[in-house]
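A short write-up of the structure that comes next.
Taken together, the values in this text are just the output of simple stated rules run on the coordinates, not laboratory data. Computed from a prediction, not measured in an experiment: that's the story for all the values here. All Cβ positions, glycine included, derive from the backbone under ideal geometry; neighbour counts span all protein chains shown.
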Amino acid sequence: MASTVTLERHDGDITAITLNRPLVRNAINSELATELVSAIEDSRDTRCVVITGADPAFCAGLDLRNLGVELLGDMPDFLGAVASCDTPTIAAVNGPAVTGGLEIALACDFIVASERARFADTHVRVGVYPGPVLVDLPRRVGMSKAREMSMTGNFIDAEAALRIGMANHVVPHDELLPFAFDLAGAIAEQDPAMIATMRRDWDETGGLPYHAAHDRHRAIAQEAGYGVVESDTLAANGSAVMDRAHRNL
């Protein structure tokens, strides 16, 4: 039996995880959920994870015709696995990302979309009370747009997702994975401990009032040992940044 989730190493420090049930638009059943949790666990020794789907879809959400468990609550916690992944995650959305598929994309650090991407939260249309999307979507696109998407169940296209801040980039379909891997490579070049602390900082300060957020940010930086940096180190790092800027002009 073919695996419902494939895991491949890319350039050593990057893991590509592909949802692989294309005949049902990568809909999530207990088998795929279990394999996704395992793939996330197996990616902990890399520096960035790219999650995508086998064409033509990213993920159509739960496979309500073939869930593989009697109760929805018995499903492995695949969303929790993605959201709590110790490694930075990029969703490379190659086609429709619907309901549970949208939640997988939102659980990642950010989203890169193919021109073929579509996004929708259809929980209310199928009679299932929404999950993490009720928290994650407003934080990504703002409360009013999130309410519209979740209460109507309507789809938005890739350009709209870019416009409202759901997607960071929209690229031609054939360029999606190379573009996502380039971004993953840039992340993989950085100090993983600092990246981990930054992600913790955002998670803990994102919902706090302004002054409390700054206080918590300073505490996190101090707890992680990020204080004074030697001037020679700053000078060397600054020169490297400028060299990179000139190469990219």
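For the chain, what is the mean residue ellipticity at 222 nm derived from helices alone (per DSSP H run of n ≥ 4: -39500 (n - 2.57); sum divided by total residues; nearest 500 deg cm²/dmol)?
-13500 deg cm²/dmol
Which of GLY225, SER43, HIS211 sits closest to the plus end of the dipole of the chain, meaning its Cα is farthest towards the positive end, when Lys and Arg get +1 and Asp and Glu get -1 on the C-beta?
Farthest towards the positive pole: HIS211.
Could you give the distance between the Cα centres of the stretch 144-163 and the stretch 9-26, to the whole Å?
Taking the Cα centre of each part, the stretch 144-163 and the stretch 9-26 sit 26 Å apart.
What residue among ASN94, VAL5, PHE78 has its Cα farthest toward the positive end of the dipole of the chain, where the charges are +1 on Lys, Arg and -1 on Asp, Glu, each on the Cβ?
Value: ASN94.
About the Cα centre of the stretch 51-148, how large is the charge dipole given +1 on each Lys and Arg Cβ and -1 on each Asp and Glu Cβ? Please answer in debye to the nearest 20.
Charge dipole, the stretch 51-148, about its Cα centre: 420 debye, nearest 20.
Relative contact order of the chain, please, whole-number percent, based on alpha carbon pairs below 8 angstrom and at least 6 residues apart.
RCO, the chain: 15 percent.
Would you work out the charge dipole size for the chain about its Cα centre, treating the Cβ of every Lys and Arg as +1 and the Cβ of every Asp and Glu as -1, and quote it to the nearest 20 debye?
Approximately 820 debye in magnitude.
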